[in-house]
Amino acid sequence: MNYRYLKLLLGLLLIAGCAVGPNYKRPKTNTPETFRGSNETVTNSFGDLPWWEVFHDEPLQHLIRVALTNNYDLRIAVARVEQAHQIVIENRASLFPQLNYGAVIGKGKNVGSGGSVAPTSTSSAGFLGADINASWEPDIWGRVRRLTEAARAQYFATDEARHDITVALVAQVAQNYLQLLALDSDLQIARDTTNSFATSLRIFERRLQGGVGTKLETMAAQAILDANAALIPSIEQQIFVEENLLSILLGQNPGPIVRTPNWNADHPPQIPPGLPSSLLARRPDIRQAEFQLRAANAQVGVTLADRLPNLNLSALIGQVGTNLPALASGAGFAWSIGANLAGPIFQGGRLKARYREALALRDQAILQYQGIVLRALQDVSNALIAREKSAQTVVAQARAVNAYKESVRLALERYRLGKSNYYEVLQQQQQLFPTERALLQNRLNEYLATVQLYRALGGGWQTNQVQTQ
């Protein structure tokens, strides 16, 4: 008879290699052959480059390294990854037998088989006991394996979230740094223009004192000078705020930022976006959504396994007695071995509801994954068109700046020849200043669009890539 039970147990263990529930399959996505806004179909992508091959400014590279080491959001994400890893180990531990020990000491009456006093005894007595017990629940239906699969997928999803924070951090530091450089240039333009207007005002004041100028011209020159001088404190404040923001990204107290002086932005180089299909393997938020879908799919198998019987094997070996000599003599030696099979019969529809809930969560995860893919395509397309149109705007704005510079030169020449008054020069200078600032902003927008494209393509984290399993 014992052999029959053993054969039954072996038979149950043999079918333990199969885990109930659906195996994961990546959902279909309708990705186009090329990005909208891209004129290239090359396979290599700007997003495959590590950040230090994209940003060649040495002070910027130093700032990014510091941020990747000290940024608090990134350090929190690293801690979350470690937490998720330990959850995987915790779930996987249920696959192995559990070994425990126990000890008891006490005094009582009619303690039965747990002590040395007979159940019908009228006297009380002390008792001691010690045992080692083992239990194991064979994962017949794959419930523990599905739980481990879900936990592992969540671990990888958490790691992808860390990668996503890394991408965002690299892009944010680069954007703020470029904005800081542009503010430096803007401040220099404002100071140079203010000095130029101050020179014009002195000329008008001398003309007024000499009786050849008018007070209207002088007051107009004064107003233009004061209006432009008022921009300088505002720009200095923006520089101060931008430095503080960068300091926080670096995980440091607010303070000055070392940067490249005299920034003179030219057009960034042409960059290939690559193929849309490569986003599925490169962009962290897409990979995160897919791992979350894997976890939701594994939970469906868990709910199916909950509806099936569980087998638990247990064993115990120990000693019981009334005192230590009795324990040492071995008279109270005890052992047991057994198996327990239990399963649900009727629970009011709870298990079916859990299964349907898991299916609904999986459907949500599928839709979230597909939606994130669409948004990623949108991000890349928007960055491509922003970069292209900003470059076109820079070309046109540069022509306008050159034209205004030429008009200022001609106005000065006419003034020296006595063919016009200095008020004409002042008017041309007044047109040049906002045009120079607009050119600077459009050049900054072109660079920011390049950084946004790098982020949209998922670049900046691949040196620590987690392989999909």
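Quick look at the numbers
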item	result
So GLU160, is it without any contact (Cβ under 8 Å) to a residue 40 or more places away in the chain, charged (D, E, K, R) and assigned to a helix (DSSP H, G or I)	no
Filter pass, GLN238 being at pLDDT 90 or above and of a type in the set (S, T, N, Q)	yes
Where GLU236 falls short, out of the listed (1) more than 30 Å from LEU280 (Cβ to Cβ); (2) surrounded by 15 or more Cβ atoms within 10 Å (Cβ to Cβ); (3) in contact (Cβ under 8 Å) with a residue 24 or more places away in the chain	(2)
ASN44 more than 30 Å from TRP141 (Cβ to Cβ), touching a Gly at 6+ places or on another chain (Cβ under 7 Å) and at pLDDT 85 or above	no
Condition broken by HIS267, with the remaining ones in (1) touching a residue at least 24 places away in the same chain (Cβ under 8 Å); (2) more than 26 Å from GLU388 (Cβ to Cβ); (3) surrounded by fewer than 16 Cβ atoms within 10 Å (Cβ to Cβ) satisfied	(2)
Single residue of the stretch 185-233 satisfying the filter (of a type in the set (Asp, Glu) and surrounded by fewer than 18 Cβ atoms within 10 Å (Cβ to Cβ)) that is farthest from the chain's Cα centre (by Cα)	GLU205
From ARG375, ARG350, ARG387, ARG362, residue being over 30 Å from LEU432 (Cβ atoms) and surrounded by 15 or more Cβ atoms within 10 Å (Cβ to Cβ)	ARG362
Condition met for LEU280 (within 24 Å of the chain's Cα centre (by Cα) and under 30 Å from LYS25 (Cα atoms))	yes
Hits in the stretch 408-431 (condition: in contact (Cβ under 8 Å) with a residue 40 or more places away in the chain and of a type in the set (A, V, I, L, M, F, W, C))	VAL425, LEU426
Residue check, SER407 farther than 25 Å from ASN262 by Cα and at pLDDT 90 or above	no
Options TYR447, TYR415: the member that is surrounded by fewer than 19 Cβ atoms within 10 Å (Cβ to Cβ), of a type in the set (Phe, Trp, Tyr) and assigned to a helix (DSSP H, G or I)	TYR415
Residue that is in contact with a Lys or Arg (Cβ under 9 Å, 6 or more places away or on another chain) and hydrophobic (A, V, I, L, M, F, W, C), where the choices are ALA376, ALA411	ALA376
First in the stretch 349-360 and in contact (Cβ under 8 Å) with a residue 12 or more places away in the chain, second anywhere and not hydroxyl-bearing (Ser, Thr, Tyr), Cβ under 7 Å, 6 or more apart	LEU351/ASP306; LEU351/ARG307; LEU351/PRO344; ARG354/ASP306; TYR355/LEU304; ALA358/GLN299; ALA358/VAL300; LEU359/VAL300
Long-range neighbours under 6 Å by Cβ, at least six apart or interchain, first residue farther than 17 Å from PHE156 by Cα within the stretch 62-79, second among the small types (Gly, Ala, Ser)	ASN70/GLY251; ASN71/GLY251; TYR72/GLY251
Meets criteria (among the aliphatic types (A, V, I, L, M) and either surrounded by fewer than 17 Cβ atoms within 10 Å (Cβ to Cβ) or in contact with a Cys (Cβ under 7 Å, 6 or more places away or on another chain) (or both)) for VAL302	no
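The values are calculated or read from the model by the stated rules, or taken from the named source; none is laboratory data. Predicted model, so just to flag it, every value in this text is computed and none were measured. Here Cβ is always computed from backbone atoms with ideal geometry, including for glycine, and neighbour counts include all displayed protein chains.
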